[in-house]
Each structure stands twice: as structure tokens, then as C-alpha cells.
Amino acid sequence: MRRDGLTGLPGPVERRLIDRYGQTARSRIALAAAVKALTVLLKRHPRAALDMAAAAAIQAGRVGVQGITGRLAQLERREPPAVDGRRLSRSELRRFMRMLRDHESSDTRVDERRCD
């Protein structure tokens, strides 16, 4: 990996950073200073950098959880959709009763096995 240019990072990474954050001369200077500070931090104090990354990940997780719970709270406040209140047809009713009967008999068989 060849390192040269504004930030000292590999070419593709540097180009991507400059394309996104380095539109003016002032922002390119700030970008170069920030990258230099981060590289010094990583080289000289790797444990502190790891602690900072862990704290940032924890904070990002908290923000994500707060966002999800907020969204779920909004969804819960909405009125539920209207339920179709039609009666079951005879065939649907028979099928439902058969399902209940089969489920009941399988539960009693399981309970009898546990008692043995």
C-alpha cells in the first residue's frame, strides 16, 4: 500500500474522504488534521483508541435502541385495523373444532407420558 497525498492514507480511502468531506480548501485542511490526529492516537495510544471506539459503539447502540423503541411506541399508539367480524362457515367451524380436539388429545397424551 502506497501512502502519499493529503492525509497519508491509501489512495482509495483518501479519495473517498476528500470526495465526501473535502470540498473546500478549509475542509481539506480540517480533514488532514483530523486524520493525522487519529493516526497518532492509534499509533501511540491504541488502548485509549479502543476504549473510545467501544464507548462510541455503546452510544450508537443506545441511540439505535431508543430509535426502535420510539418507533414501536408510535406504532402501538395507532388504532388497530378493523377486524372482519363475519361468522365462520359450517366447514370452517368443523375444521376449527377438529383442530381443537386433536390438540387437546395430543396434550393429554404428553401429560400422561410425564406422569409415568
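Just so you know, all these numbers are worked out from the coordinates, no wet-lab data involved. Note that this is a predicted model, so its numbers are computed, not measured. Here Cβ is always computed from backbone atoms with ideal geometry, including for glycine, and neighbour counts include all displayed protein chains.
Just the residues that are part of a helix (DSSP H, G or I) and aliphatic (A, V, I, L, M), please, taken from the range 3-32. Val13, Leu17, Ile18, Ala25, Ile29, Ala30, Leu31, Ala32, listed by residue number.
Tell me yes or no: at least one residue of the range 37-57 is over 30 Å from Glu14 (Cα atoms), within 30 Å of the chain's Cα centre (by Cα) and without any contact (Cβ under 8 Å) to a residue 12 or more places away in the chain.
no
Looking across the range 33-91, the residues that are among the polar types (S, T, N, Q) and in a helix (DSSP H, G or I) come down to Thr39, Gln59, Gln66, Thr69, Gln74, Ser91.
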